[in-house]
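Written below as structure tokens is the structure these notes are about.
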Amino acid sequence: MERPLTQHMKSDGTALSLKEYEASGGYEGLRKALKMTPLEVMNLVKDSKLRGRGGAGFPTGMKWSFVPMGEDAPKQKYIVANGDEMEPGTFKDRLLVELNPHMLIEGMIISAYAIGASMSYIFLRWAYHLGAKRIQVALDEAYQAGYLGKNIMGSGFDIDMDLHTSVGRYICGEETALLNALEGKRANPRNKPPFPQVSGLFGKPTIVNNVETYCNVPHILAKGAEWYLSLSQSEGGGGTKLYGASGRVKNPGVYELPLGITLRELVEVHAGGMQDGYKLRGILPGGASTDFLTPDHLDIKMDFEEVAKAGSRMGTGLIIVLDDKTCPIGMCLNLEQFFAQESCGWCTPCREGLPWTAKLLQGIEDGQGRPEDIDILSGQTRYMAPGNTFCALAPGAMEPLQSALKYFREDFEEHIHTHHCKYQHH
Amino acid sequence: MAKEQVISDEARKEIEGLFHHLPHKQAACIDALKVVQKYNRWVSDEALQELAPILEMSAHQIDSVATFYNIIFRKPVGRHVVFLCNSVSCYIMGYEEIYKALKDKLKIDFGGTTPDDRFTFLPIPCLGTCDHAPAMLVGEDLYRDLKPEQLDEILAKYE
């Protein structure tokens, strides 16, 4: 099986140098792209059915096509990599930037060429110190080799790239909040429209894509859309996906697999099944802000469509596994405390609603819950539903809670009636 | 008598080096705060006052940015900051045990600094290493698959 994103990574944990990356076929995609027109590059990415890997799954080529092109378009445009990997339970972009930073850089250069951008930024979360060092080394190598800078590879195309390391806050992963952070401001999200493709960084057309999304682009250019589609087992999109698992499974980690493998294969084969003495109780399929799935859902495909049909979202594709010895209310409390803390405070339902939600869950977990708390909590999931808040943070926070109220209702009721949490781990 | 500067000439130079490529100086605000913190460990009120003319912003504007981000410290911190992940995968994998052990060893709770200024202890959201939970950072050093019995050896590395 082909694993374009990870197969050349070195097992000793060091990053591929420029020479090693080139020897594995690196910068071939860029070479090809520069012989095509920007529109041809964009259309190739559209044909590959590459979809955004940051969580929303938006078709990448279509996103790019909203950028104004041609003579009348603004001269300054930007490409930004969203490397603010702060979704709890997600650790795939760390692998990419630590072990093969040139793949990200090449993907961004090709993307910049497709939309006519001359400046690009890698926005990396603060905690990835090793990744930051390795990206900086790779950027220096790419400048020296003439892949970055003026008139790259004699093409007449100019592109600069800079690394920006953040100073914390989950909301920076929201693309318009990220742009505010890059502009040196508080990372409150912006109103949409206008979308960043039209008015983004410093008011100029900007594409923000996830790190993993950009890493797919060189391979699509080098080997074509048909090859890329053949990697996938999903109708809705091409390529492989970096899946992963954390929690009480035998082999937690990141695994590059065809897009659209079943949840069962992910849990039982690649994650190795549950650790001895633990049973599978629930799964957050793609980070903290996705709805729980249960063992009944194991035969669905892990792609954007089927996970949505099952009432959740594929999100980042890195699953968090709830075992039978961990309290589901305790887990929800942990999640809601995180979201309450990370609310940017801009809109009232999120700023006030999330701490209230966390407080109710704390009461239930501590044995002080009241019967009416369950209704109040399910009311919260409606008050903070999509459309009632300024951005997707609070609706995302409600996803694990609303599904926990559905699948683990007896646990909520038992905590309230017995004034006690029966779990070993709570 | 002139007040002593809290932003050194060296730090000031580094901040002024951030401006090229940027459409206006305010865009360097976060990076400038990082520079101040690199030299001073934290950002004091005096540092905000001195930053204001450099960035062509008011000290209050800068403070509104500084207080938004959790890795910009507006209170003094120790020589080493211990960031313990308290997000969901670490919760499932038993971060509580590490938390209790660290609290005992450092004799401070989250938000505290040891009297000798050696450590500040803070919670941190998901460190993105969930396949090796529980995890923590000490300064820039990542420690994973933590067990309470490893903590003494880890902490001893930091003076």
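If a residue has to be in a helix (DSSP H, G or I), of a type in the set (S, T, N, Q) and over 16 Å from A:L16 (Cβ atoms) to count, how many in the range A:103-139 make the cut?
Taking the range A:103-139 as the starting set, the residues that turn out to be in a helix (DSSP H, G or I) are A:103-115, A:129-139.
From what is left, the residues that are of a type in the set (S, T, N, Q) are A:111, A:136.
Now drop any that are not over 16 Å from A:L16 (Cβ atoms), which leaves A:111.
Final tally of qualifying residues: 1.
Can you give me the number of residues within the range B:1-60 that are β-branched (V, I, T) and more than 14 Å from chain A (Cβ to nearest Cβ)?
The initial filter retains those residues of the range B:1-60 that are β-branched (V, I, T), namely B:6-7, B:15, B:30, B:35-36, B:43, B:54.
The next check asks that each one be more than 14 Å from chain A (Cβ to nearest Cβ); those that pass are B:6-7.
Within the range B:1-60, residues that are β-branched (V, I, T) and more than 14 Å from chain A (Cβ to nearest Cβ) number 2.
Return the only residue of A:R134, A:R94, A:R125 being among the basic types (K, R), more than 12 Å from chain B (Cβ to nearest Cβ) and within 29 Å of B:D141 (Cβ to Cβ).
Details: A:R94 fails: more than 12 Å from chain B (Cβ to nearest Cβ); A:R125 fails: more than 12 Å from chain B (Cβ to nearest Cβ).
Answer to the check: A:R134.
Would you be able to say whether some residue in the range B:4-24 is assigned to a helix (DSSP H, G or I) and under 24 Å from A:G345 (Cβ atoms)? Don't jump to the end; show me each part of the working.
Residues of the range B:4-24 assigned to a helix (DSSP H, G or I): B:9-16.
Those left that are additionally under 24 Å from A:G345 (Cβ atoms): none.
There is no residue in the range B:4-24 that is assigned to a helix (DSSP H, G or I) and under 24 Å from A:G345 (Cβ atoms).
Go through the residues of the range A:308-329 one by one and say whether even a single one is under 26 Å from the mean Cα position of the chain (by Cα), more than 14 Å from chain B (Cβ to nearest Cβ) and either part of a helix (DSSP H, G or I) or of a type in the set (F, W, Y) (or both).
yes
Which of the residues belonging to the range A:382-426 are more than 19 Å from A:R190 (Cα to Cα), in a loop (DSSP other than H, G, I, E, B), at pLDDT 95 or above and under 30 Å from the mean Cα position of the chain (by Cα)?
Correct list: A:F408 only.
Condition test on B:F73, is it at pLDDT 95 or above, open to solvent by less than 70 Å² (accessible area, probe 1.4 Å), in a strand (DSSP E or B) and not charged (D, E, K, R)?
no
Residue-wise test of (1) in contact with a Pro (Cβ under 9 Å, 6 or more places away or on another chain); (2) farther than 28 Å from A:L178 by Cα.
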| position | (1), (2) |
| --- | --- |
| A:E20 | no, yes |
| A:L30 | yes, no |
| A:L34 | no, yes |
| A:K46 | yes, no |
| A:K49 | yes, no |
| A:M62 | no, no |
| A:P74 | yes, no |
| A:A112 | no, no |
| A:I115 | yes, no |
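Restricting attention to the range A:198-218, and to residues there that are of a type outside the set (S, T, N, Q) and touching a Lys or Arg at 6+ places or on another chain (Cβ under 7 Å), which single residue is most open to solvent (accessible area, probe 1.4 Å)?
Step one: filter the range A:198-218 for residues of a type outside the set (S, T, N, Q), giving A:198, A:200-205, A:207-208, A:211-212, A:214-215, A:217-218.
When the remaining residues are screened for being touching a Lys or Arg at 6+ places or on another chain (Cβ under 7 Å), the result is A:204-205, A:207, A:212.
Values: A:K204: 78, A:P205: 1, A:I207: 0, A:E212: 0 Å².
Top of the filtered list is A:K204.
Go through the range B:31-47 and report how many residues are crowded, with 22+ Cβ neighbours inside 10 Å and more than 16 Å from B:K13 (Cα to Cα).
Residues meeting the conditions: 1.
Give the number of residues within the range B:111-135 that are over 19 Å from A:A288 (Cβ atoms) and within 12 Å of chain A (Cβ to nearest Cβ). Write out each step before concluding.
Residues of the range B:111-135 over 19 Å from A:A288 (Cβ atoms): B:111-122.
Filter again for within 12 Å of chain A (Cβ to nearest Cβ), leaving B:122.
Count: 1.
Can you tell me which residue in the range A:336-376 is nearest to the other protein chains (Cβ to nearest Cβ), limited to those that are over 25 Å from the mean Cα position of the chain (by Cα) and assigned to a loop (DSSP other than H, G, I, E, B)?
Result: A:D366.
Taking into account only those residues within the range A:140-172 that are among the acidic types (D, E) and not in a strand (DSSP E or B), which is nearest to the other protein chains (Cβ to nearest Cβ)?
Here is the first cut: in the range A:140-172, the ones among the acidic types (D, E) are A:140-141, A:158, A:160, A:162.
Filter once more, keeping what is not in a strand (DSSP E or B): A:140-141, A:158.
Numbers: A:D140: 16, A:E141: 20, A:D158: 13 Å.
Looking at residues that are among the acidic types (D, E) and not in a strand (DSSP E or B), I get A:D158.
Within the range B:7-23, track down each residue that is more than 30 Å from A:I159 (Cα to Cα) and open to solvent by less than 50 Å² (accessible area, probe 1.4 Å). Outline the logic, then answer.
We begin by selecting, within the range B:7-23, every residue more than 30 Å from A:I159 (Cα to Cα); these are B:7-10.
Correct list: B:I7, B:S8.
Could you tell me how many of the residues in the range A:8-64 are β-branched (V, I, T) and farther than 30 Å from A:T290 by Cα? Don't jump to the end; show me each part of the working.
Step one: list which residues in the range A:8-64 are β-branched (V, I, T), which gives A:14, A:37, A:41, A:45, A:60.
Add one more test, that the residue is farther than 30 Å from A:T290 by Cα, and what stays is A:14, A:37, A:41.
Selection size over the range A:8-64: 3.
Scanning for something more than 18 Å from the chain's Cα centre (by Cα), within 13 Å of chain B (Cβ to nearest Cβ) and open to solvent by 50 Å² or more (accessible area, probe 1.4 Å), does the range A:252-273 turn up at least one residue?
no
Just one of (1) free of Cβ contacts under 8 Å to residues at least 40 places away in the same chain; (2) touching a helix residue (DSSP H, G or I) at 6+ places or on another chain (Cβ under 7 Å); (3) among the hydrophobic types (A, V, I, L, M, F, W, C) trips up A:L322, so point out which.
(1)
Out of the range B:85-135, which residues are open to solvent by less than 10 Å² (accessible area, probe 1.4 Å) and polar (S, T, N, Q)?
Hits for the range B:85-135 are B:S87, B:S89, B:T120, B:T129.
Considering the range A:282-328 alone, what residues qualify as being β-branched (V, I, T) and out of contact with any His (no Cβ under 7 Å at 6 or more places or on another chain)? Quick ask: steps written out before the conclusion?
Step one: filter the range A:282-328 for residues β-branched (V, I, T), giving A:283, A:290, A:294, A:300, A:307, A:316, A:319-321, A:326.
Matches in the range A:282-328: A:I283, A:T290, A:T294, A:I300, A:V307, A:T316, A:I319, A:I320, A:V321.
Would you check if A:E235 is surrounded by fewer than 24 Cβ atoms within 10 Å (Cβ to Cβ), among the charged types (D, E, K, R) and in contact (Cβ under 8 Å) with a residue 40 or more places away in the chain?
Working: surrounded by fewer than 24 Cβ atoms within 10 Å (Cβ to Cβ): yes; among the charged types (D, E, K, R): yes; in contact (Cβ under 8 Å) with a residue 40 or more places away in the chain: yes.
The answer is yes for A:E235.
With the condition kept exactly as written, say whether any residue in the range A:376-391 is touching a Phe, Trp or Tyr at 6+ places or on another chain (Cβ under 9 Å) and closer than 27 Å to A:L280 by Cα.
Yes, the range A:376-391 contains at least one residue that is touching a Phe, Trp or Tyr at 6+ places or on another chain (Cβ under 9 Å) and closer than 27 Å to A:L280 by Cα.
Return yes or no: is A:L221 touching a helix residue (DSSP H, G or I) at 6+ places or on another chain (Cβ under 6 Å) and surrounded by fewer than 24 Cβ atoms within 10 Å (Cβ to Cβ)? Outline the logic, then answer.
Working: touching a helix residue (DSSP H, G or I) at 6+ places or on another chain (Cβ under 6 Å): yes; surrounded by fewer than 24 Cβ atoms within 10 Å (Cβ to Cβ): no.
Spelling it out, it is not the case that A:L221 is touching a helix residue (DSSP H, G or I) at 6+ places or on another chain (Cβ under 6 Å) and surrounded by fewer than 24 Cβ atoms within 10 Å (Cβ to Cβ).
Taking the range A:280-307 as the search range and keeping residues that are part of a loop (DSSP other than H, G, I, E, B) and free of Cβ contacts under 8 Å to residues at least 40 places away in the same chain, which one is nearest to the other protein chains (Cβ to nearest Cβ)? If you could, list the steps in order and put the result at the bottom.
Going through the range A:280-307, the residues part of a loop (DSSP other than H, G, I, E, B) turn out to be A:286, A:288-292, A:294, A:298-300, A:302-303.
Subsequent filtering for residues that are free of Cβ contacts under 8 Å to residues at least 40 places away in the same chain retains A:298-300.
Numbers: A:L298: 19, A:D299: 24, A:I300: 22 Å.
Here the residue is A:L298.
Determine if the range A:25-48 includes at least one residue that is in a strand (DSSP E or B) and among the aromatic types (F, W, Y).
Of all residues in the range A:25-48, those in a strand (DSSP E or B) come to none.
Among the residues of the range A:25-48, not one is in a strand (DSSP E or B) and among the aromatic types (F, W, Y), which makes the answer no.
Would you check if A:Y243 is buried (at least 23 other Cβ atoms within 10 Å of the Cβ) and more than 10 Å from chain B (Cβ to nearest Cβ)? Walk me through how you get there before you give the answer.
Details: buried (at least 23 other Cβ atoms within 10 Å of the Cβ): yes; more than 10 Å from chain B (Cβ to nearest Cβ): yes.
When the stated conditions are applied, A:Y243 passes them.
This table checks each residue for (1) farther than 26 Å from A:G315 by Cβ; (2) of a type in the set (S, T, N, Q); (3) open to solvent by 10 Å² or more (accessible area, probe 1.4 Å).
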residue	(1), (2), (3)
A:T90	no, yes, no
A:H102	yes, no, no
A:I109	yes, no, no
A:A112	yes, no, no
A:G116	yes, no, yes
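Restricting the range B:136-159 to residues that are within 14 Å of another protein chain (Cβ to nearest Cβ) and on the phi < 0 side of the Ramachandran plot, which is surrounded by the most Cβ atoms within 10 Å (Cβ to Cβ)?
Step one: of the range B:136-159, the residues within 14 Å of another protein chain (Cβ to nearest Cβ) are B:136-145.
Cutting the leftovers down to on the phi < 0 side of the Ramachandran plot gives us B:136-138, B:140-144.
Details: B:M136: 27, B:L137: 21, B:V138: 17, B:E140: 13, B:D141: 13, B:L142: 18, B:Y143: 19, B:R144: 14.
Restricting to residues being within 14 Å of another protein chain (Cβ to nearest Cβ) and on the phi < 0 side of the Ramachandran plot, the top hit is B:M136.
So A:Q197 ticks every box in (1) more than 27 Å from B:A32 (Cβ to Cβ); (2) polar (S, T, N, Q); (3) not in a loop (DSSP other than H, G, I, E, B) but one. Which box is left unticked?
Unmet condition: (3).
The values are calculated or read from the model by the stated rules, or taken from the named source; none is laboratory data. Note that this is a predicted model, so its numbers are computed, not measured. Neighbour counts run over all protein chains shown; Cβ positions are idealised from the backbone, glycine included. In case anyone asks, the SASA skips ligands and DNA or RNA and just uses the protein heavy atoms, side chains included. Shrake-Rupley method; radii C 1.70, N 1.55, O 1.52, S 1.80 Å.
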